[in-house]
Amino acid sequence: MGAYQTVAVGTDGSESSFRAVDRAATIAADSKALLLIICAYKPAKSTGEAEQALGEDAAFHVVGSTPAEETLRDARERAAARGSVEIDTVAVQGDPIERVIEVVADRKADLVVVGNRGLNSLAGRLLGSVPQGISRRAGSDVLIVHTT
């Protein structure tokens, strides 16, 4: 049995976030751990138009359930290609930091993998970024992967 039992990773479907999925999948496969892929999204506007992710902190800002489901399907395929066997996916609506932290706590993930996207931006330094927020609030180990 590996050091980690449940490895969680967040994705928004961007190539940068998929690099974090790749790393998490490798770790989960090596540890024979469950890989938990999380996609937090904001609902589509009432006009039916999808909201666009804004700025460098776009990680996890996927809109509407259909894009979230597509993102999770693509992430699952990538993870399986890297050797992960036991994979769960979760789409959750709301703030990416809040929702990811909740899912990680609920599922008792002992490692959270996030990309570094947003950490070096001006907005990230002034307001905080999704990776920074998750690393500050997670009750488990956090691996920040260089994805940019």
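Read-outs throughout are calculated quantities, based only on the coordinates presented, and are distinct from any laboratory measurement. Just so it is clear, the structure is predicted and the values come from calculations on it, not from any experiment. Neighbour counts are summed over all protein chains in view; Cβ atoms, including those assigned to glycine, are modelled from backbone coordinates with ideal geometry.
Quick notes on this structure:
- Annotation: amide H of residue 87 within the under-5 Å range of 35, sequence separation 5 or more or interchain, hydrogens built in the peptide plane.
- Working ranking of peptides 73-86, 23-36 by packing, defined as the average number of other Cβ atoms within 10 Å per residue, highest first, is 23-36, 73-86.
- Sequence ranges 14-22, 92-100, ranked by mean other-Cβ count within 10 angstrom, highest first: 14-22, 92-100
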